[in-house]
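Undergrad: Below you will find the structure I want to go over with you.
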Amino acid sequence: MPSLSFEGETHEELVRKVQRWLASAEGKDDKLSATEAVEKASAITKDALSVIAAAAPGPIASSDILKGLKRMGYDATDGTKRAVTSGLNALAEVTGGGLLKRADRARKDAVYEMNASVARQMLKSLRG
């Protein structure tokens with residue numbers, strides 16, 4: 001019998017994982033609005049924080065300090081997401097969406113730069 005399970009420490013984390021799974025099943029990831037991209041980046045950041053916390057040795061992973069740091073990272077990510085989303089919405093109102101359309105054309109370049117930067121950082125960390 002097929003089964004499906006999700007793991008998470010909070011209800012919010014479980015809901016986010018289920019939503020992402022449902023979106024992938026519906027093929028919703030074709031083209032994102034700027035706001036959707038910010039929301040997805042926020043979810044990726046939170047997932048990265050979870051992976052980092054889970055990689056810690058047992059006693060450290062269960063410590064209140066690490067849990068507090070993870071919560072602070074989640075809060076900072078949520079605050080940044082709200083600020084960027086509010087800014088994008090304000091720009092869309094003022095420009096009628098014109099500025100956001102121009103930014104969307106540059107999206108591929110921005111993503112390439114971000115990925116190259118992440119790759120360089122990963123190589124640095126792997127080299128020691």
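Undergrad: Which numbered condition in (1) hydroxyl-bearing (S, T, Y); (2) modelled with pLDDT of 80 or more; (3) out of contact with any Ser or Thr (no Cβ under 7 Å at 6 or more places or on another chain); (4) within 30 Å of E93 (Cβ to Cβ) is the only one that S33 fails?
TA: Result: S33 passes all but (2).
Undergrad: Can you find a residue in the stretch 7-28 that is within 23 Å of S86 (Cβ to Cβ), of a type outside the set (K, R) and surrounded by 15 or more Cβ atoms within 10 Å (Cβ to Cβ)?
TA: Within the stretch 7-28, none of the residues are within 23 Å of S86 (Cβ to Cβ), of a type outside the set (K, R) and surrounded by 15 or more Cβ atoms within 10 Å (Cβ to Cβ).
Undergrad: Looking at T77 and the list (1) at pLDDT 85 or above; (2) surrounded by fewer than 15 Cβ atoms within 10 Å (Cβ to Cβ); (3) closer than 30 Å to L91 by Cα, which single condition is not satisfied?
TA: (2)
Undergrad: When you go through A119, A53 one by one, which is the residue that is modelled with pLDDT under 70 and among the hydrophobic types (A, V, I, L, M, F, W, C)?
TA: Of the residues listed, the single one that is modelled with pLDDT under 70 and among the hydrophobic types (A, V, I, L, M, F, W, C) is A119.
The values are calculated or read from the model by the stated rules, or taken from the named source; none is laboratory data. All of these numbers come straight from a predicted model, not from anything done at the bench. Backbone-built Cβ (ideal geometry, glycine too); neighbour counts: all protein chains shown.
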